[in-house]
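The values are calculated or read from the model by the stated rules, or taken from the named source; none is laboratory data. Treat the numbers as computed from the prediction; the structure is a model and nothing was measured. Because the Cβ atoms are built from the backbone with ideal geometry, glycine has one as well, and the counts that use them run over all protein chains shown. Heads up: the accessible areas ignore ligands, DNA and RNA and are worked out on the full protein's heavy atoms, side chains in. Shrake-Rupley method; radii C 1.70, N 1.55, O 1.52, S 1.80 Å.
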Amino acid sequence: MPTSTSTDLITLGRRIRHFRKNADLTLDQLGERVGVVGSQLSLIENGRREPKFSLLQSLSSELNVPLAELLSDEAPDARTALEIELARAQSGDLYASLGLPRVPASRNLPQETLEALVGMHRELIRRATESIATPEEARRANTELRDAMRERDNYLPDLEKLVEQMLARVGHQGGALSHRTVSLLAEDLGFSLIHVNDLPHSARSVTDLASGRIYLPPASIPGGHGLRSMALQAMAHRVLGHQPPSNYAEFLRQRLEINYFAAACLMPQTASVKFLAAAKARRDLSVEDFRDAFGVTHEAAALRMTNLATSHLGIDVHFLRLTDDGAIQKAYENDGLPLPHDVTGAVEGQFVCRNWAARIALTRTNRSTEFYQYTDTPSGTFWCATQTGTTAAGEFSISFGTSFADAKWFRGRDTEKRSLSRCPDESCCKRPPSDLVDRWSESAWPSARLHAHVLSPLPSGKFPGVDDREVYEFLQAHAESA
């Protein structure tokens with residue numbers, strides 16, 4: 001009989017009670033007819049005791065209900081469905097962990113109380129489920145958001161309009177956004193900016209809604225871009241009416257919107273488009289110049305150009321930020337650049353081809369200037385301008401590029417550096433050359449580092465977590481130097 005779990009017993013018990021009530025029988029009356037005392041029948045109806053099959057046959061006969069219908073796994077009515085859901089929730093480990101007493105899911109419980117309790121348990125379960133979202137779910141949500149922005153050319157016109165209206169209210173005429181103007185924006189929204197040394201380690205800023213204060217860390221570099229951006233992001237939550245996110249996808253959407261808001265403030269659309277259009281007319285578009293004109297970071301300028309390049313300049317583009325081992329941290333493209341991706345479509349944590357400019361730039365000795373390169377791929381030829389940098393976490397590269405046809409608008413288009421990429425064909429750069437395999441495959445034994453990219457799988461190969469090709473090339477180079 002299908003009553004092997006407690007949840008099945010709860011449904012069965014409620015169905016027995018439903019049909020007993022329909023037959024206008026008390027527990028004792030029905031118990032006398034089927035040969036059990038009423039208290040035993042009550043335990044069965046409450047899902048606390050499993051009935052024998054012979055008793056179920058007797059109940060079916062006395063209640064004039066087919067046995068198959070009595071054993072159905074569906075609640076007999078809406079009220080009973082809520083009672084079953086409450087009983088199941090209170091039987092679970094999540095509720096048990098709270099150390100609270102159970103509320104009997106009986107007919108005596110008022111309907112509004114029952115609905116409130118069930119709603120509370122649904123929210124508890126939802127929050128517990130969201131808190132253990134898997135990396136696969138995170139990658140999937142991120143991929144869906146990136147695809148949605150790609151469809152919009154990474155451009156949010158309503159948000160652009162909102163920012164321009166706010167800047168006009170505080171009298172910003174153009175050029176780099178000063179700390180003073182950021183403070184005026186905050187005041188316009190009813191906030192003051194307070195710099196403190198004791199922010200929680202997990203928070204970039206904290207907003208006191210009751211007192212109208214936004215707490216920020218002190219400036220490590222006077223006039224730096226970071227604090228302006230953090231303050232603007234904190235304001236954006238209020239301007240855009242954000243509520244605590246109910247799932248990971250909503251959290252990512254809010255992060256995208258506050259970053260976009262901050263960038264649109266720091267590099268306002270009207271002034272930015274004017275600057276970029278003039279550079280395009282001279283065929284001298286450059287992330288470096290755009291960065292310096294508005295006093296922002298190279299990465300912020302490159303990302304902002306992805307917002308405006310297609311919508312206002314008619315140029316499809318791509319953006320990459322890589323770690324020092326070639327893994328993608330951030331990426332955007334609407335020009336057809338063949339980004340590596342996993343089975344969910346996620347690109348974060350995936351390793352780009354060693355022949356792409358974004359990785360070659362990391363091997364250069366002279367990194368004081370941008371590195372320009374054309375790369376031939378199975379999807380066409382692409383031009384890139386790449387800048388490198390270093391943080392406490394290691395080196396990184398920032399690439400901004402476009403298709404061969406649109407390279408004519410950019411500084412660096414006359415570069416003679418050109419590379420060939422056959423990826424995803426593994427013979428391009430992932431598979432070790434056969435001569436290195438022959439020499440080192442039986443002599444190498446690396447110990448893998450804990451993989452730093454939580455959104456990516458371990459590299460496949462002979463040694464899990466280790467790039468075979470890098471190991472063989474390392475051993476070969478040291479053998480030759482010795």
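Quick notes
- Count, lysine Cα pairs under 29 Å in the chain, 8 or more residues apart or across chains: 16
- For the chain, the share of accessible area belonging to carbon and sulfur comes to 52 percent (1.4 Å probe, ligands and nucleic acids excluded).
- Spin-label model, LEU43/SER192: points 7 Å from Cα along the beta carbon direction are separated by 6.8 nm.
- Region 295-328 and region 158-217 have Cα centres lying 24 Å from one another.
- Centroid-to-centroid separation of region 27-85 and region 427-441 [C-alpha atoms, Å]: 69 Å
- Per-residue Karplus couplings for region 144-155, computed as 6.51 cos²θ - 1.76 cosθ + 1.60 with θ equal to phi - 60°, are listed in order as 4, 5, 5, 4, 5, 5, 5, 5, 9, 6, 6, 10 Hz, Gly and Pro entered as x.
- On the beta carbon distance between ALA393 and VAL206, with R0 = 22 Å, the FRET formula returns roughly 0.40.
- Within-13-Å neighbourhood charge of ALA479 [Cβ basis; K, R +1; D, E -1]: -2
- Cut-off under 5 Å, modelled amide H: who pairs with PHE410 long-range: LEU285
- The phi torsions of region 159-172, fed into the Karplus equation with coefficients 6.51, -1.76 and 1.60 and a -60° offset, translate into couplings of 5, 4, 5, 4, 5, 4, 5, 5, 5, 5, 5, 9, x, 6 Hz, rounded to whole numbers, with Gly and Pro shown as x.
- Calculated volume of the Cα convex hull per residue in Å³ (choose from (1) 238; (2) 289; (3) 130), label: (1)
- Net charge contributed by nearby residues that have their C-beta within less than 11 Å of ASP316 (K/R +1, D/E -1): -3
- Residues in the chain average 52 Å² of solvent-accessible surface per residue, probe 1.4 Å, ligands and nucleic acids excluded.
- Rounded to 5, the percent of DSSP beta bridges in the chain classed as antiparallel: 80 percent
- Cα-based shape type of region 334-439, given that a ≥ b ≥ c are square roots of the gyration tensor eigenvalues and the cut on a/c is 1.5: rounded
- For ASN366 and PHE474, the FRET efficiency from 1/(1 + (r/R0)^6), where r spans their Cβ atoms and R0 equals 22 Å, is about 0.40.
- A Förster radius of 41 Å, combined with the Cβ-Cβ distance separating ARG122 from LYS161, puts the computed FRET efficiency at roughly 0.60.
- Placing pseudo-labels 7 Å out from each Cα toward the beta carbon at THR344 and ARG439 gives an inter-label distance of 4.0 nm.
- When exposed loop sites are taken as GluC sites (Glu not before Pro) in a DSSP loop with at most 12 other Cβ atoms within 10 Å, the longest stretch of the chain clear of them is 75-415.
- In a simple Cβ point-charge model (Lys, Arg +1; Asp, Glu -1; nothing else charged), the chain has a dipole of about 780 debye relative to its Cα centre.
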